[in-house]
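Read the structure below first, then the notes.
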Amino acid sequence: MLWLLEALELERGKVLPIYIGDDRTDEDAFSALEKRGVAILVSEQPQVTAASYWLHNPEEVEEFLQKITDRLHATEL
């Protein structure tokens with residue numbers, strides 16, 4: 001995740017990385033974003049995670065992303 005931000009020259013400035021994952025393989029990215037972005041775990045059950053936020057299922061992810069998109073479009077007008 002940090003490499004990608006650097007490669008795209010997004011590690012500075014007004015960029016807020018959002019990482020959404022649903023299993024243990026996402027924990028490294030969650031940890032990397034602890035102070036630099038938003039890490040969201042998708043899981044029906046609570047679990048120990050480095051993610052700062054939690055959504056229950058893919059439907060909640062879709063709703064969350066739609067709200068972000070709507071907000072961004074509203075600020076462009």
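The values are calculated or read from the model by the stated rules, or taken from the named source; none is laboratory data. Every value quoted in this text rests on a predicted model; they were computed, and no experiment measured them. Here Cβ is always computed from backbone atoms with ideal geometry, including for glycine, and neighbour counts include all displayed protein chains. With ligands, DNA and RNA removed, areas are computed over all heavy atoms of the protein, side chains included. Shrake-Rupley method; radii C 1.70, N 1.55, O 1.52, S 1.80 Å.
Would you point out the residue of region 5-18, among those that are in a helix (DSSP H, G or I) and loosely packed, with under 13 Cβ neighbours inside 10 Å, that is modelled with the lowest pLDDT?
Taking region 5-18 and keeping what is in a helix (DSSP H, G or I), we get 5-7.
Adding the requirement that they be loosely packed, with under 13 Cβ neighbours inside 10 Å leaves 6-7.
Working: 6: 87, 7: 91.
Restricting to residues being in a helix (DSSP H, G or I) and loosely packed, with under 13 Cβ neighbours inside 10 Å, the top hit is 6.
Kindly indicate whether residue 24 is of a type in the set (D, E, K, R) and more than 20 Å from residue 68 (Cα to Cα).
Working: of a type in the set (D, E, K, R): yes; more than 20 Å from residue 68 (Cα to Cα): yes.
So residue 24 passes the test.
The set of residues from region 22-51 being at pLDDT below 95, small (Gly, Ala, Ser) and not in a helix (DSSP H, G or I) comprises just one member, 37. Scanning region 19-42 for residues that are among the β-branched types (Val, Ile, Thr), open to solvent by 20 Å² or more (accessible area, probe 1.4 Å) and in contact (Cβ under 8 Å) with a residue 24 or more places away in the chain yields one hit, 20.
What is the residue count in region 43-62 for residues that are of a type outside the set (Ser, Thr, Tyr) and either open to solvent by 100 Å² or more (accessible area, probe 1.4 Å) or within 29 Å of residue 6 (Cβ to Cβ) (or both)?
Initial filter on region 43-62 (of a type outside the set (Ser, Thr, Tyr)): 44-48, 50-51, 54-62.
Remaining after also requiring either open to solvent by 100 Å² or more (accessible area, probe 1.4 Å) or within 29 Å of residue 6 (Cβ to Cβ) (or both): 44-45, 48, 50-51, 54-55, 59, 61-62.
Residues that pass the stated criteria total 10.
Go through (1) in a helix (DSSP H, G or I); (2) aliphatic (A, V, I, L, M); (3) in contact with a helix residue (DSSP H, G or I) (Cβ under 8 Å, 6 or more places away or on another chain) one by one and return the number of the condition residue 61 breaks. Here residue 61 meets the rest and fails (3).
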